[in-house]
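Below: one structure, written as structure tokens.
The values are calculated or read from the model by the stated rules, or taken from the named source; none is laboratory data. Every value quoted in this text rests on a predicted model; they were computed, and no experiment measured them. Positions of Cβ are backbone-derived with ideal geometry, glycine not excepted, and every protein chain shown enters the neighbour counts. Only protein heavy atoms, including side chains, enter the accessible area calculation; ligands, DNA and RNA are left aside. Shrake-Rupley method; radii C 1.70, N 1.55, O 1.52, S 1.80 Å.
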Amino acid sequence: MTNLNTSAPILVTGATGYIASWVIKNLLEQGHTVHATVRDLNKTHSFQHLTDIAAKSTGNLQLFQANLLEEGAFDAAMQGCEIVLHMASPFVVTNYKDAVKDIIEPAVIGTENVLNSVNRTASVKRVVVTSSIAATYGDAIDILNTANNRFDESHWNTSSSPEHQPYPYSKVAAERKAWEMAKAQNRWDLVCINPALVLGPSLTKNTQSGSVEVLLQFANGMTLAGVPAMWNGIVDVRDVADAHIQAAFNPAAEGRYIISGGTLSLLEMGKILAQHFGRKYPFPRNQLPKFAFKAFGPLLGFSRKFVELNMGYPIYFNAEKSQRELGMHYRNIETSLVEHFQQLIDDGIVKKR
Ligand code: NAP
């Protein structure tokens, strides 16, 4: 990418989101003009935090309405932009009715619609798509096929489907669509950011992000009887925002970037939370044996196949490319976990005990 005009506006889709809010904050504080798309301009409470941040910053925020499922919806917001950060996509773990309509179509059709707008907008030179580590593997058992016991940017999720692991499927299908469309032209280049599970303080109480869904399971008693032997790659939300900014502005950035600060098991997460918040919350004390989780998992929305392929396989991620090429220095993920849980208490989302 050459001759980037840093005074041109920058488009961020899904501006109300947990991660996008941090990206927009950074851009505004650096003095940029941000064209931010939201699904519904009437829901002012969902973007009030952004207008507050903009008022205190040297940057300029302009809001546009755009739904991922509407062809052409992003055209107006993209006018004059050289950089497009496509972050909007449903991050839903369990809380959905129809996987295809609620998760997969907005992710894949949404990416296609945004990139069709990019193809129509001559000013765009770089597109950053927020993908996920979920686009690099399908089930934890896939770690057995890696050479160094770590997933890296050469790995792709080949096993998820609309029926088995719909959210990971939505991410890999959307990322593949983005690469297919990027390779079909030569005016703009594509960089994909593949974050691990994102934790850390949120700038908004209103996010429906799966990150909050995961933490709430530790607060609502669901894990009290024990957790499955499962592991998460984790990264701080502020690091993920920095990675997006680097991917947008660093001319040498290319390809995919795994963004991960480390791995914790669900039991380790429970122990860290118990150490900081005490046993008055129903944090897990032990791991459930696989046979027990196979029996009870389906009642909690986890299929036997999911339990079989995901329990008992620690997963690790190689984020060295992001350190080398984007200059990432990862924050301590235990602190991110504690800060995020504290914020859910402060915001009244988790009841104070
Ligand atoms: P979030 O807070 O739920 O943000 C999702 C955003 O997508 C919201 O702004 C939402 O808008 C928007 N969106 C959803 N469906 C839409 C539609 N049909 N039309 C327009 N906008 C729509 O979640 P997040 O955690 O920040 O996730 C942001 C991105 O990061 C997603 O691409 C997600 O897959 C990816 N990611 C997240 C994590 C994580 O752990 N959080 C990890 C890896 C990758 P509304 O406000 O209108 O709902």
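Odds and ends about this structure:
- Looking at segment 139-179, the GluC sites (Glu not before Pro) that sit in a DSSP loop and have at most 16 other Cβ atoms within 10 Å of their own Cβ are E163.
- When peptides 272-285, 92-105, 5-18 are ranked by their average number of other Cβ atoms within 10 Å per residue, the highest-first order is 5-18, 272-285, 92-105.
- Measure of compaction for segment 216-353 (Cα Rg per 2.2 N^0.38 Å): 1.21
- Alpha carbon Rg of the chain, scaled by the compact-globule rule 2.2 N^0.38 Å: 0.96
- Rounded Å value of the spacing that divides the Cα centres of segment 106-158 and segment 29-93: 21 Å
- In whole percents, the pair-distance distribution calculated for segment 11-78 from its alpha-carbon pairs, binned every 5 Å from zero, is 4, 20, 32, 25, 14, 5, 1.
- For segment 9-137, fraction of C-alpha pairs farther apart than 18 Å, in %: 52 percent
- Whichever lysines have a C-alpha closer than 24 Å to that of K352, once near sequence neighbours (fewer than 8 apart) are set aside: K205, K271, K280
- Mean accessible surface per residue for the chain, computed with a 1.4 Å probe while every protein chain stays in place, in Å²: 43 Å²
- Packing-based ranking of 229-235, 140-146 yields 229-235, 140-146, ordered from highest to lowest mean Cβ neighbour count within 10 Å.
- By accessible area, using a 1.4 Å probe on protein heavy atoms only, the chain has 50% of its surface on carbon and sulfur.
- Helix-only CD estimate at 222 nm, as mean residue ellipticity for the chain, using -39500 (n - 2.57) per DSSP H run (n ≥ 4): -11000 deg cm²/dmol
- The loop-placed trypsin sites (Lys or Arg not before Pro) in segment 1-63, going by DSSP, that have at most 15 neighbouring Cβ atoms within 10 Å of their Cβ come out as K43.
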